[in-house]
Structures are given as C-alpha cells and as structure tokens.
1. Sort through 130, 107, 121 and tell me the only one that's farther than 20 Å from residue 58 by Cα and either at pLDDT 60 or above or out of contact with any strand residue (DSSP E or B) (no Cβ under 9 Å at 6 or more places or on another chain) (or both).
2. Can you find a residue that is in contact (Cβ under 8 Å) with a residue 40 or more places away in the chain and under 26 Å from residue 368 (Cα atoms) anywhere in the stretch 188-196?
3. Mind telling me which of the residues 266, 279 ends up being surrounded by 16 or more Cβ atoms within 10 Å (Cβ to Cβ) and part of a strand (DSSP E or B)?
4. For the stretch 286-310, how many residues meet the condition of being outside any loop (DSSP other than H, G, I, E, B) and at pLDDT below 95?
5. State which residue is farthest from the chain's Cα centre (by Cα) when the search covers only the stretch 8-30 and only residues that are in a loop (DSSP other than H, G, I, E, B) and modelled with pLDDT of 85 or more.
6. Could you say which residue among 193, 218 is modelled with pLDDT under 85 and either out of contact with any strand residue (DSSP E or B) (no Cβ under 6 Å at 6 or more places or on another chain) or exposed (fewer than 11 other Cβ atoms within 10 Å of the Cβ) (or both)?
7. In the list 335, 408, which residue meets the criterion of being crowded, with 16+ Cβ neighbours inside 10 Å and in the same structural domain as residue 269 (by TED's automatic domain parsing)?
C-alpha cells in the first residue's frame, strides 16, 4: 500500500486546492500516471503515482484545501483491487443507510477491507469539506443521508440536506455567534437572488484569491504613483518591416515588440538603478541583475513569468523565452521556478486594446512599465508640419518611498529615447 501525499510546494506555500481527480477508486494505474491536479497560489501542479497498483481510496474531494504532506489517496500495490460497489451491494444496510441511523450504522459496522479514515469523535464519517459546510449552515451531520458505498458524507450530501430544509437543532450544532439564532436554514445549491433578480454565486479560485490579496497589499503598502509619456513607434516599425523576414529565417521566431521594450527597460534600469531595487525593512536591495517579469493573461488569472538574465540575451533569445513562458502559462504548465523573483515587470494592455492605464506594482518590485495600443495620431513635426505617426502611450508606476518623481520621469524619458532610436538598444541594452 502506498500513500499519495501533497508534495512540498516551496516558497512558503503550505497548502493547495484539489482541483481535479484524474483517477477513480478501483482504477488500475501505472507508475508515473497522473493521480490529481493541485491548484496553488501561483501554478497548477500534477501529482503522479510512484508505483503500479490500484486506487484503493480517494481521501479528499475536488475543491478541498489540502495541506503539504497530507495523504490524499491510497494506492494498493500488486494489482490488489479495492472492493467494488458490486461487492458492497452484499451489505445493503451500508449502501443506503436510514436517515437518522446513518451515523450509528457507519460507526458500528466492521471495518471494510479498504483503508478508510475512521469516523470522528461524534461517530459520523464525513469529509473535512462536508463538516465545514455543515458547520457554516447549521446542519446536523447525523441527519444527513449519503449514497456513498462506505457511508462517507460528502459536500453533495450536505447540500442535498440543505435543499430539503433539514437543519440541525441549535443545541446540537450551535450557530456562529455573529449569526442570529433565529436565522432560517439557507437553501444550499439554489440560485441566490438580489432584489428578486437572479445571480450566480461561484467560489473564487485559489489563484484569483491570491491575485486579489497581492494587488490590494501592493496598493496599501507602497506609495504608488504613475507617470506617463508617449513613444513614436515609427523607427521600430520600420526596423521590423525591413528585418522581419531575415530575422525569422535566421532565428525561427518573429521579431516582436517585446524584445525592443525589454532591451529599452534594461538600458533605463542601468541608468536609474533604484527602479531595479526593493525595500527590505530599513534597507534597500539594489539588484545588479536583470530578471524581467512579463505579465501574461491566462484563463485562471494573470501570471508574471520571468525572463532570467535578460541583459545577456539577444532579441531572438528574449522573443523565444517570452513565447515559451506564455505558452506554459496558457497550458497551466509553468513551474514555480518560472515565477520566482523578478526585478522589474512589463505589462502590455495594448494587446487588449487599452489606450492608457495605470499598472499596479508587482510587489516587492518598485517599478512596472505599462505598454498600450499603437494608435495613429497627427503629430506636430515642427511649427509648420504635421504627420500621422504610430504612437503609443507608456506608463511607469513606481514606489515613491525610494524613487523620487524626477528619477521616475527621467527613467521613462530614457525608455522613450531608446525606443525611438532602436539602434541605440544594441549599445544601451
């Protein structure tokens, strides 16, 4: 028998959410087969089996929070299959327990051959998430019916009991102090209503909760300001037009805008190093390396994978790295190492049509550059001439605790100058 445990997740992450089971009880699996998918604050991880065998027991439900090191499944080695539901049919009293006597039936029945968690002190066999849901809604688990072959109460069973309107007596399961004792039992699973109009209530994913928390913390802990400028993209677009075919033929990747902006940011960071720093207590950590975070919008939420040592990469190396990281982000295959660290971040709202925005700092970094949509606008060339030019607004949000306004403005002007003279990127970046 082998226990499948939640692996060490690193970076002080102590728990995750069981996102999806890839196996079922009684299913034969091979070493290396994926057992479950775990959602953490940053990435989704796949947990695999260490040996051949048969799934004996799944000890958590999809959506449960599970701690690092906790056992989530049992694998019976050597092909010893777990008792199938058909075998359980020979004990009909365990298949459909009576509504009131369900808890006592499970508590007194002989232990089955499968390794099953023992019932709690109250004599009820229920999953942790089912117990939590029952506590929140004042439902007596002893009154809950279950169709589980081994008599285990799940969140679905608790929700079904809630829809039937059978809540626990106040003496059996006291409601939280903040909730009035006379409050009616909620109709679990039914659509909520706001002023008589239908709404849909869904639980935020762990990643979305983390994004929300970090963004609020960034605004509350940093003295964040934003300064703006605009870039004439004529020269860059001309270089891309002239060089795109030969660049792709040589490097097998397109010459995009991100490599130009990454190089320009690196050149500006070298000129204004406080934008490449962070605050540690009452000290400043000025970083002498350039790990540039590139914000990527994925289905599960925004992530910021890092281009390591971007100053040592050429244009092709930057483009290839960004494409690889963006692909991983959209297929949920980023590793934690892809997201750790980062000294400065670039975010491109222009791909979604944003003309102007104020990006939020990616703490503990003290600077983030926002790119926007390229818009053709009439620009005064001199006092007499006007031309239509491809223009982009750029924004720098910065932490005013260590970066003064003059330095922030000068940084953004440096980025503008480097972008409008792409050849200088070969020297400055």
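1. Step by step, each of 130, 107, 121 is checked, and only 121 is farther than 20 Å from residue 58 by Cα and either at pLDDT 60 or above or out of contact with any strand residue (DSSP E or B) (no Cβ under 9 Å at 6 or more places or on another chain) (or both).
2. Checked the stretch 188-196: no residue is in contact (Cβ under 8 Å) with a residue 40 or more places away in the chain and under 26 Å from residue 368 (Cα atoms).
3. Working: 266 fails: part of a strand (DSSP E or B).
Of 266, 279, the one residue that is surrounded by 16 or more Cβ atoms within 10 Å (Cβ to Cβ) and part of a strand (DSSP E or B) is 279.
4. Result for the stretch 286-310: 6.
5. 26
6. Selected residue: 193, the only one of 193, 218 that is modelled with pLDDT under 85 and either out of contact with any strand residue (DSSP E or B) (no Cβ under 6 Å at 6 or more places or on another chain) or exposed (fewer than 11 other Cβ atoms within 10 Å of the Cβ) (or both).
7. Numbers: 335 fails: crowded, with 16+ Cβ neighbours inside 10 Å.
Just a single option satisfies the conditions, and that option is 408.
Okay, residues lined up against (1) surrounded by fewer than 19 Cβ atoms within 10 Å (Cβ to Cβ); (2) in contact (Cβ under 8 Å) with a residue 12 or more places away in the chain; (3) out of contact with any strand residue (DSSP E or B) (no Cβ under 7 Å at 6 or more places or on another chain); (4) not assigned by TED's automatic domain parsing to the domain that holds residue 154:
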residue: 8; (1), (2), (3), (4): yes, yes, yes, no
residue: 18; (1), (2), (3), (4): no, yes, no, no
residue: 32; (1), (2), (3), (4): yes, yes, no, no
residue: 41; (1), (2), (3), (4): no, yes, yes, no
residue: 62; (1), (2), (3), (4): yes, yes, no, no
residue: 70; (1), (2), (3), (4): yes, yes, no, no
residue: 75; (1), (2), (3), (4): no, yes, no, no
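The values are calculated or read from the model by the stated rules, or taken from the named source; none is laboratory data. Not measured: the values here are computed from a predicted model. Quick reminder, even Gly has a Cβ in these numbers, built from the backbone with ideal geometry, and neighbours come from all protein chains shown.
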